[in-house]
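Below: the structure, in structure tokens.
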Amino acid sequence: MGYAARSPTRADIEAAARVACADGFICELANGYDTELGERGGKLSSGQRQRLSLARAVVRNTPILILDEPTAALDAETELDVMRNLRQWGNDKVVFLITHRIATIRDADQIVFLEQGRPVEVGNHESLVRADGRYRLFAEAAAGEPLDV
């Protein structure tokens, strides 16, 4: 995991793994953090590989982070944990999340809703739902029911 950063310490690597909720399964690997996984993550699940990728991005500690569908391979509980950790970690950073999952962006400071690659609505989740536009339709479709305002 440390190859993504110039010279991360072991503590940096472990902290990044905790942000990505990867610490638990890493510690269960044959050699823990010293395990060599090989190309494409060896026998890791797609969710584990995704969390390792996120940890590699986090360990770089850049002021701007762009993540495309960072929780697509995760179960709902792990997704919530990862997003909570990412919000805390990224409190002093700019984090762009590209996603189709409402749970991933619900707590974002600002959401830019795109259609055909162009912004059509901008705001936080609550203001966009109240606006009763395209984002609300998207959120209701994801929820499978009308949303209360």
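No value in this document is a laboratory result; all are computed from the given coordinates. These numbers were taken from a predicted model, which means no experiment stands behind them. Glycine gets a Cβ as well: all are built from the backbone with ideal geometry, and neighbour counts include every protein chain shown.
Mind sorting out which of (1) 32, 16, 13; (2) 37, 21, 19; (3) 21, 18, 15 is the real semi-axes √(5λ) of the Cα gyration tensor in Å computed from the coordinates?
Working out semi-axes √(5λ) of the Cα gyration tensor in Å from the coordinates points to (1).
With a Förster radius of 22 Å, plug the Cβ-Cβ distance of ARG18 and SER45 into 1/(1 + (r/R0)^6) and report the FRET value to the nearest 0.05.
Details: r = 19 Å, r/R0 = 0.84.
Computed FRET efficiency for ARG18 and SER45 comes out at 0.75.
Is there a quick way to get the dipole size of the chain? I mean about its Cα centre, with the Cβ of Lys and Arg at +1 and of Asp and Glu at -1; what is the value in debye to the nearest 20?
Details: 18 positive and 23 negative charges, 97 e Å.
The calculated dipole for the chain is roughly 460 debye.
Given the options GLN88, HIS100, GLN116, identify the residue whose Cα lies farthest towards the positive end of the charge dipole of region 73-149 (+1 on Cβ of Lys, Arg; -1 on Cβ of Asp, Glu).
GLN116
So how do 91-102, 12-23 stack up, highest first, on mean other-Cβ count within 10 Å? Can you show the working numbers first?
Numbers: 91-102: 13.2, 12-23: 22.0.
Result, highest mean first: 12-23, 91-102.
Using a basic spin-label model with each label point 7 Å from the Cα along Cα→Cβ, how many nm lie between ASP148 and GLU28?
3.8 nm
With label points built 7 Å along Cα→Cβ from the Cα atoms of GLU140 and GLN116, find their separation and express it in nm.
Result for the modelled spin labels: 2.3 nm.
Please give the contour-minus-distance gain from ARG84 to ALA103: 0.36 nm per residue of separation, less the Cα-Cα distance, rounded to one decimal in nm. Could the numbers behind the result be given before it?
On the way: separation 19, 0.36 × 19 = 6.84 nm, distance 1.08 nm.
My answer for the length gained is 5.8 nm.
Roughly how many whole Å is it from the C-alpha centroid of region 108-140 to that of region 16-48?
Here the answer is 35 Å between Cα centres.
For the chain, give me the percentage of DSSP beta bridges that are antiparallel, rounded to the nearest 5 percent.
For the chain, the DSSP antiparallel bridge percentage is about 50.
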